[in-house]
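Quick notes on the structure that follows.
The values are calculated or read from the model by the stated rules, or taken from the named source; none is laboratory data. The structure displayed is predicted, hence computed values, not measured ones. Note: ideal-geometry Cβ built from the backbone for every residue, glycine included; neighbour counts use all protein chains shown. Keep in mind that these areas ignore ligands, DNA and RNA; they rest on the heavy atoms of the full protein, side chains included. Shrake-Rupley method; radii C 1.70, N 1.55, O 1.52, S 1.80 Å.
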Amino acid sequence: MKTQNLISIAQFCEHYTIPASFIAALKEYELIEIVETNNEDYIKITHITEVEKMIRLHYELNINLEGVDVIYNLLNQVDSLKKEITHLQNKLHFYEHF
């Protein structure tokens, strides 16, 4: 598999000065997906922003991993509900013109 859209976990952890065990814990909580290629673990580049948020929650706000899991899932639900509201508002505006 190509590693073009991936960043190695070792490189990521070194850059953010976090232990690799934190990334393993995020995987255990099913908060991130780890891709294994050539006997090395990688994170998709598109997930870096999400992992950065989890790092801030855990290390800067001292929220344990269970709390990070809950917060992350709630934030995803809020985003989903916002999209649904926008979709329904657009539908409503469409039918108001009839």
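Quick notes on this structure:
- Amide H partners (placed H, <5 Å) of residue 29, local residues excluded: none
- The chain: calculated mean residue ellipticity at 222 nm from DSSP helix runs of at least 4, using -39500 (n - 2.57): -19000 deg cm²/dmol
- Positive contributions from Lys and Arg (+1) and negative ones from Asp and Glu (-1), summed over other residues with Cβ under 13 Å from the Cβ of residue 20, come out at -3.
- Between 78, 97, 47, the Cα set farthest toward the positive side of the dipole of the chain (charges on each charged residue's Cβ, about the Cα centre) is that of 97.
- Around residue 60: net Lys/Arg minus Asp/Glu count, Cβ-Cβ under 15 Å: +1
- Where a label projected 7 Å from the Cα of residue 4 along Cα→Cβ would reach, residues of the range 20-58 with amide N under 14 Å: 45
- Think of a 1.4 Å ball rolled over the protein heavy atoms: the chain then has 75 Å² of accessible area per residue.
- Cross-link reach is defined here as a Cα-Cα straight distance under 21 Å, omitting same-chain residues fewer than 8 places apart; for residue 91 the lysines meeting it are 82, 83.
- Using distinct alpha-carbon pairs, which all enter the 1/r mean, Kirkwood radius of the range 1-87 in Å: 13.9
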